[in-house]
1. Give the Rg/Rh ratio for the stretch 356-413, taking Rg as the radius of gyration of the Cα atoms and Rh as the Kirkwood radius, to two decimals.
2. Expressed as a fraction of 2.2 N^0.38 Å, the rule-of-thumb size for a compact globular protein of N residues, what is the C-alpha radius of gyration of the stretch 306-398?
3. Using the eigenvalues of the Cα gyration tensor, what equivalent ellipsoid semi-axes result for the stretch 176-242 when each is taken as the square root of five times the eigenvalue, whole Å, largest first?
4. What do you get for trypsin sites (Lys or Arg not before Pro) in the stretch 1-96 restricted to DSSP loop and a cutoff of at most 14 other Cβ within 10 Å of the site's Cβ?
5. Projecting each Cα onto the charge dipole of the stretch 17-77 (Lys/Arg +1, Asp/Glu -1 at the beta carbon, about the Cα centre), which of GLN19, LEU36, LEU56 comes out farthest on the positive side?
6. Within the stretch 97-129, which trypsin sites (Lys or Arg not before Pro) sit in a loop by DSSP and count at most 14 neighbouring Cβ atoms inside 10 Å?
7. Convert 25 °C to kelvin, take the viscosity as 0.890 mPa s, use the Kirkwood radius over C-alpha pairs of the stretch 1-130 as Rh, and evaluate the Stokes-Einstein diffusion coefficient in µm²/s, rounded to a whole number.
8. Using the C-alpha gyration tensor of the stretch 638-687, what are the square roots of 5 times its eigenvalues, in whole angstrom, with the largest one first?
Amino acid sequence: MPNDEAYRFRFFRAGGVDQVDLSDEGAIFHLGALDLKLWIALACPTHGLELDARTLEFIDTDHDGRIRPPEVLAAVAWAREVFANVRDLFDGKDELPLASISKKTETGRAIRDGARRILSNLGRPDADTIRLEDVTNTERIFEQTTLNGDGVVPVDAAGDPSIQRVLADILAVTGSVRDRSGKPGVDQAKADVFFDEIAAYAAWLDKSDAAGPVCILGEATGAAFDALTQVRAKVDDYFMRARLSAFDGKLSPALGASAEEIGLLAGADLTLTDDRVARWPLAQIAPGVPLALGESVNPAWSARIEAFARATVDPLLGPGRAALTDADWSLLQSRLAPYAAWMASKPGLVVGALGAERVRELAKSDARQAVTLLIAKDAALEAECNQIEAVEKAIRFRRDLVHFLRNFVNFADFYGKRSAIFQTGTLFIDGRSCDLCLPVHDVAKHAALAGLAKAYLVYCECVRRKDAEKRAIVAAVTAGGVDNLMVGRNGVFYDRSGDDWDATVTKIVENPTSVRSAFWSPYKRVVRAIEQHVTKRASAADSEAGQGLEEHATAATSTDTEKPAASVAAPKKIDVGTVAAIGVAVGGIAAFFSSIVATFLGLGIWMPLGALALVLAISGPSMLIAWLKLSQRNIGPILDANGWAVNAFARINVPFGGALTTLAELPKGARRILDDPFAVKRRPYEAYGAALVLVVLMAVWATGKVDEFLPEKARAATLLPRAPSGPPAPPAKSP
């Protein structure tokens, strides 16, 4: 490749801006030499664009949700290293021939190796092309493999059944990590946690042997200790009450159940689990009386005392004991004290669920080393297996990179195909289709900036009735009249996928769409003002008339017949002064219009120019403003409001606006049947107008205003008889 600085770029003109031509690979691979001031955009978001999101993610290397020129240049440089046949970037296909991957660069060779490994895993080792669908489902790529470079090993990755059992234990205890194949697996972090707990739990188990007779009953020690723990508080309570009774016999009645507690049970339905009974002492309190282990025990505690006697008292003190003395109770606690202390030091580890025997077995085996070695073997393939992502990136760049550049470095797709990545669909409304539609997240915020584009913008809320999904869009209306566009009107929006949405106008930013429509806007405003005024006055008159009729109807149906007729208010007479004032006003208005007509007729042959001047005086300012705004209409503020950084004044002139907004037209070759039975019958207004013009011209000719421009035989003074202006001359005297 020649030096970047020596490359000669070509430019095309569109939107009033010189834009770099990216139709060949030379311009793309030398973008680093193109002045950033000549780029159409300097930043764009990665969301809200009609381009594959995964491709945008590959370009956005810092993953901040925005793409800038350095990231674009890095993507181009990467593609330059990968592709041997640069023209493949212009194909737009979602497949990659292996022959198109460069053999001369390290990146290219790595991607080629990765592509071959993928094809081999998919059962197509002899294929010479890899498709995008081959790399988007990594689970399908690795479903037949055991080691895939992600550092996660499923159970079947181990060939040894004993290691498979260990992996199953780890999954059961610590949970799983998802493997690339989609199976649950174990990574190094999970393995370390598991074996650390195994070591700690085994050390705790070993204390029972090192500390002497801890488990004095063997496997039954735990059950004995648990049974004692269940009744410990209640037995301690019984013997404490017995000691108090021995201390002072008068306390015995008070140490048992009180009269109030007994009274609460009167008439109640009692059960063995009733808390009111369970709060009573275990047995009747008397000095020096042992605790009975049989029928005389509080019924709410009899089952637990029986279990305690069977699991703890009989094994430790001998079977057949009917009662338990205070000394016996102290002996039982002392004999189980080592076990209690050992249990208190038990670590709260989940591996205990495996059982003491399995924990000791794992602690003594080399399972940790075997699992660690297996995970390391899998992780060793990371570099090779990670080429899957690089292969996917190469395929997506082949399909999308040039398309992206034609919407970032220049706007060739926008001005050429009118299908830019920022155009989200087409809005059909009011007999037109609007192709310049963009997604919107905050309508008020977007409109504040987008209004500077000097374009007529229609904001719509779109809803898909099928799933109640909602979205907001803005559509630029760049051609046709806009008299029938208003908030609340409905249309249909078709997104780029072809799905239809119900669209309702929620906000409008008004700007002219053409100079022609601006010509009529003053007259339309006058007509609307007159309509509003007439409607308002008519409504007021109708309301007043209705109110008057109601008052007269009420008066006519009144039962008050004794009211004298003279008391009824007489109709108010019209004031002569009012009549005079109205006459003066009407006369003034007539005089004003008469002076205008006289001035107009006084122009003579210059009357057409006068009419033209009058029209220009009325429509000229609107047309001038429309022309100025249309000359400033551009796409920049609309995109900037969506997070872009547009770097040029990319205009939307009138011809291009007509292409972005298409008006309804009959198809070519269509036949029209003009016989409309409901058409309003037209009056011959053209004939009326022609007659009026003829009358005006005759009046002007009759006044003699144009005689000086006409031949003598056609002058009014010659053809029309004139009355003498002075007294008649005396008859001549005869000589």
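1. 1.53
2. 2.33
3. Result for the stretch 176-242: semi-axes of 43, 18, 10 Å.
4. ARG8, ARG10, LYS93
5. Positive-most Cα among the choices belongs to LEU36.
6. For trypsin sites (Lys or Arg not before Pro) across the stretch 97-129 that sit outside H, G, I, E and B with at most 14 neighbouring Cβ atoms in 10 Å, the list reads LYS103, LYS104.
7. Calculated translational D: 146 µm²/s.
8. Ellipsoid half-lengths, sorted descending, are 44, 16, 12 Å.
Values quoted throughout were computed directly from the atomic coordinates according to the rules given, and no laboratory measurement underlies them. These numbers were taken from a predicted model, which means no experiment stands behind them. As a convention, Cβ positions derive from the backbone with ideal geometry for all residues, glycine included, and neighbour counts pool all protein chains shown.
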